[in-house]
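Handing you this structure, nothing more for now.
The values are calculated or read from the model by the stated rules, or taken from the named source; none is laboratory data. Treat the numbers as computed from the prediction; the structure is a model and nothing was measured. All Cβ positions, glycine included, derive from the backbone under ideal geometry; neighbour counts span all protein chains shown. These accessible areas exclude ligands, DNA and RNA; they are computed on the full protein's heavy atoms, side chains included. Shrake-Rupley method; radii C 1.70, N 1.55, O 1.52, S 1.80 Å.
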Amino acid sequence: MRYSLYGECEGLLGEGQGPFLVEEDGRIIDASRTAARAGVRLGMPVREALALVPGCRVESAAGESTPWRHLRQVLWSHTPWVETHPDERRFWIELSGPRVPLAELRQMARDIRLGLTEEQRVVLALAKTPWQARMLLAWSRQERVPGALYRKLGTEPLVVAPDLLSREDEAVWMRAPIAASWWIPDDAKAELLSLGVFRLKDLVEIPEDMLYARFGEQARIWRMKGTENRGLRPDRPPEAWSASWRGDAEGVPLEQAKMQMRLCLESLCGHLVRFGLAVQTLSIALWTDAHEIRWEKRIAKPSPQPDALWAQMAWPEEIHRARRIWGVELCATEVAELRPVQMGLLEQGKALDALEVRDSANRLERLNAWDAWMARWPKLQRGMAVDFRERRLALFLAEVAR
């Protein structure tokens, strides 16, 4: 099962140890924990923020900060499905496992804390989908979510969705407050609250013509956002999706370099398969006695098996003219998510359940064919095929019987 983890960061756009503010174009875009507790809000003018926190240091936004880079590296070390938004101080990741990964989240929070100061922290929410994870955290800021699990991962707070703990709470999201809906403008939310619309389920119950007449066509998006189920848009692949080998000063022959490349490919596949991924595009680099040779190979059918990838390797002509090889590097520049065979069977089963039986003649013909196969090979089972050994044994017994 896949889990979506959503996080909001406080103070990670700055580098300071004590209370600090991060400004851009005269407006506050991030604040440390002390400044936030004093009442500093995002978008506030710098002069007004300094009046609330006298003597607070003000930093200018300049590229990716060291704490945010540390956060990104920790997330990449746990999963390749990472979507970060530094300008909005939030991120999403996806984790997989048979049960709620509390132990992994605890280790992740511990690793994140190693690169943060007391003025910086990350607030986390775990749910089934990215939208639910963000709604869970926004809902928790308004009121306590019924049935949710609240935990402290060291100093980082975590809230777990109620439908991950009990199947009876799957319809809990329609009970989320309107005040937690970030996609509805503030003036429209205030008007909805004055009209007695307090929950998302209240918004769904309003007739469409009345809702559009009051708020216009933008209200159509409000309903759609309430059931949004978009996937993640992961950042670029991490540098860890590579494997390399370096030889000594004398180098090695081409055949031995290919053996080292095969070992690198096995290591790369073993690393990716832990995250449920397969190589889609492979970038290869060889350092020879003459120059560096680089090429890319697009895999026709992504596979986590090194044998299948090795069979699809295409060697350029110039590599056969190289006498000595000093180094090899493989990098998965594009990956694809593996789909278990069981998922395809389940989807096929759902499709078959939805279809009506229309062609009984073809079904009868298939059943008759199956009976003929069973008469010929009594040991044959449904879903299996007779292998070569069984056919050869049957022929041998037939010859002996004669």
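Please work out how much accessible surface residue 113 shows to a 1.4 Å probe, ignoring ligands, DNA and RNA, in Å² rounded to 10.
Taking all protein chains as shown, residue 113 has close to 60 Å².
Would you grab the residues whose amide H sits under 5 Å from the one on residue 28? Only those 5+ places off in sequence or on another chain, please, with H modelled 1.01 Å from N.
43, 44, 46
Can you send over the solvent-accessible area of residue 202, 1.4 Å probe, protein chains only, in Å² to the nearest 10?
Estimated to the nearest 10 Å², residue 202 gives 30 Å².
Given labels modelled 7 Å from the Cα in the Cβ direction, how far is it in nm from residue 58 to residue 201?
Label-label distance for residue 58 and residue 201, simple model: 4.8 nm.
Return the long-range amide H neighbours of residue 280 (sequence gap of 5 or more, or a different chain), with a cut-off of under 5 Å between placed amide H atoms.
334, 335, 336
If you don't mind, there's one more thing I want to ask. With label points built 7 Å along Cα→Cβ from the Cα atoms of residue 149 and residue 397, find their separation and express it in nm.
Between residue 149 and residue 397, the label points sit 5.4 nm apart.
Modelled label-to-label distance, residue 33 and residue 212, 7 Å Cα→beta-carbon offset: nm?
4.9
Okay, moving on. According to the square roots a ≥ b ≥ c of the eigenvalues of the Cα gyration tensor, what is the shape class of the range 88-149, taking rounded for a/c under 1.5, prolate for a/b larger than b/c otherwise, and oblate for the remainder?
On the way: a/c = 1.74, a/b = 1.18, b/c = 1.47.
Taking the square roots of the gyration eigenvalues as a ≥ b ≥ c, the range 88-149 is oblate.
Rolling a 1.4 angstrom probe over the protein chains, ignoring ligands and nucleic acids, what is the accessible area of residue 313 in square angstrom, nearest 10?
Near enough 20 Å² of accessible area.
Output ³J(HN,Hα) for the range 26-34: one whole-Hz value per residue in order, computed from phi by the Karplus curve 6.51 cos²θ - 1.76 cosθ + 1.60 with θ = phi - 60°, and x for Gly and Pro.
x, 10, 7, 10, 6, 8, 6, 5, 5
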